[in-house]
Structures are given as structure tokens and as C-alpha cells.
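Encoded as C-alpha cells, the structure appears first; notes follow it.
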Amino acid sequence: MRKKYWDDIPVYEQPSAEELRRRAMVSASAAKKRGQALEPVEAKTERGEVCTTWWGQAWCANLERYADYATRLDRGKRYIRLGTVVDLKIHKGRIEARVQGTRRAPYKIEIRISPLSEEKCQRIIDQCGKKIKNLEDLVYGRFPEDLKELFSEEDGLFPKPTEISFICSCPDWALMCKHVAAVMYGIGVRFDENPFYFFELRGIDVDRFIDVTLENKVESMLANADCKSDRIIDDSQTLAIFGF
Ligand SMILES: [Zn+2]
């Protein structure tokens, strides 16, 4: 048989949407058989915004306002809606994910986010301490609505591109490939599910944060009480304020 010069050149064919979906399902069931616990991301919308809550949408809006990202993110929207993000786990300051692509095995993605500065952490503590309602929310596992203010201001709490680094096992990752872009939206979907992931993402220990916030508040309340009268608030009264 005559040997052709071009035989050795690989052909990169983009798989169709159906093919990607099928591969993602095969990868997920193979991982399950190996005993790996995957946490897939399910986008709830078919067009427009990927996220459905204020927190998820604010996360996406933050990313989309950076010129470096804007042109690259769009492909991620399509990708996440195809169910290709077969796994996404948020750890302290780090996201680990797997995204189904052209190759049989899903690509591995890692995104790192710098911890929040001391000063910004303090802003959250102060904002939470402003109202008893915020503290109550924290104690009962609800993300305080009042924090929206801090997220939407100019120098908000979501990270800037200089605070984000990423890597993907595909050959095209350096300028944010579609796999990384899909994971970026996936993080927004996680915020839809539970905005407390924000603390995890920015390196804040949630339980410790809540303890410190409550202690600060109780201390300032006691200090105020001392000034106004001789009345002593004992521990049981303090706890009663928070409904215990
Ligand atoms: Zn990639």
C-alpha cells in the first residue's frame, strides 16, 4: 500500500453536543465504578444567564466585566450546559474539577484563588455585626442578604483576575480554554446552591468566622451595656438574644 505523507498528522475533530454528553455520561459511570465520588454541575438554564440566584449571577458578572476573560468565557457557557463539568469540588482557596472534552478521559482543571485580605475579612465581620438579623442568619446557616452591598461595590469581595490562577490538562489552557471557562461558571452554580462556598473559596474557615463575629458583637454589646447602666448581661441572656 502506498504510504501517504499526511498519515501521521492527527485530525482534531470537534465532537457534537450529543457526543460530548454521551462521553460525559460514560466518564461519570466509569468513575463511579472505580469508587470515585464525582460531584457534577448541572446548569439550570438553557440560555441567557447560567446562574439563577443573586450570588451566582454576581459571581458571573464579576468575571465577565474583565476584558481578559470576556471573550473566552462565552464558550464555557455552552460547555457547562452540555453537562461536561462532571466534577467540581471547592476546597479552601482551590477548585478541583473534571471536564469532559474531545479526549476520552475528562480533562483535569485546577483553579486557585488568593485568600481574602485581612481588611476585607474585617469588612464582612463589621457588616454582619451591624444587625442582629445578620448574626441570626449566620447562626442558622443562612447567608446574610446584607452582605450583597459588599459584593457589589467597586472593590468588592469576588476575586480579580490577578487573584486567580488556573491550569487544565488540555493542550490549550494558557489563555483560558473552554474547560476552565466552564468551571468558572460552575463555581457560580455552586454559589446558587450554597453561597457559603464563598468563604471556603476565599480561604475563610466558616465556623471560626461565625464564632469571631458573634464574640465581637457580644463584646461590643456588653461594653455598651456597661456604659448605659449597671445592668449585667450574663451569658444566658446573651444566648437568648440568638434564640438558644
Ligand atoms: Zn482545557
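Structure values in brief
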| item | result |
| --- | --- |
| Subset of region 122-152 [under 30 Å from residue 181 (Cβ atoms) and either assigned by TED's automatic domain parsing to the domain that holds residue 79 or small (Gly, Ala, Ser) (or both)] | 152 |
| Per-region count, region 91-109, residues in a strand (DSSP E or B) and closer than 26 Å to residue 22 by Cβ | 8 |
| First in region 42-65 and in contact (Cβ under 8 Å) with a residue 12 or more places away in the chain, second anywhere and acidic (Asp, Glu) and part of a loop (DSSP other than H, G, I, E, B), Cβ under 8 Å, 6 or more apart | 57/49; 60/49 |
| Filter result for residue 120 (part of a strand (DSSP E or B), of a type outside the set (Asp, Glu) and either loosely packed, with under 13 Cβ neighbours inside 10 Å or out of contact with any Pro (no Cβ under 7 Å at 6 or more places or on another chain) (or both)) | no |
| Considering residues of region 58-80 that are surrounded by fewer than 19 Cβ atoms within 10 Å (Cβ to Cβ) and aliphatic (A, V, I, L, M) only, the residue nearest to residue 17 (Cα to Cα) | 70 |
| Failed item, numbered, when residue 208 is tested on (1) within 16 Å of the ligand (Cβ to nearest atom); (2) without any contact (Cβ under 8 Å) to a residue 12 or more places away in the chain | (1) |
| Residue match in region 186-205 (condition: in contact with a Phe, Trp or Tyr (Cβ under 6 Å, 6 or more places away or on another chain), of a type in the set (Gly, Ala, Ser) and within 16 Å of the ligand (Cβ to nearest atom)) | no |
| From the options 85, 41, residue that is closer than 30 Å to residue 208 by Cα and within 16 Å of the ligand (Cβ to nearest atom) | 41 |
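For every residue, the table says whether it meets (1) under 21 Å from residue 56 (Cβ atoms); (2) surrounded by 14 or more Cβ atoms within 10 Å (Cβ to Cβ).
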position: 82; (1), (2): yes, yes
position: 95; (1), (2): yes, yes
position: 100; (1), (2): no, yes
position: 129; (1), (2): no, yes
position: 134; (1), (2): yes, yes
position: 141; (1), (2): yes, no
position: 146; (1), (2): yes, yes
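Per-residue answers, yes or no, for (1) away from the ligand (no atom under 15 Å from the Cβ); (2) farther than 26 Å from residue 87 by Cβ; (3) modelled with pLDDT of 90 or more:
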| residue | (1), (2), (3) |
| --- | --- |
| 134 | yes, yes, yes |
| 148 | yes, yes, yes |
| 151 | yes, yes, yes |
| 161 | yes, no, yes |
| 166 | no, no, yes |
| 169 | no, no, yes |
| 174 | no, no, no |
| 179 | no, no, yes |
| 182 | no, no, yes |
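The values are calculated or read from the model by the stated rules, or taken from the named source; none is laboratory data. Note that this is a predicted model, so its numbers are computed, not measured. Positions of Cβ are backbone-derived with ideal geometry, glycine not excepted, and every protein chain shown enters the neighbour counts.
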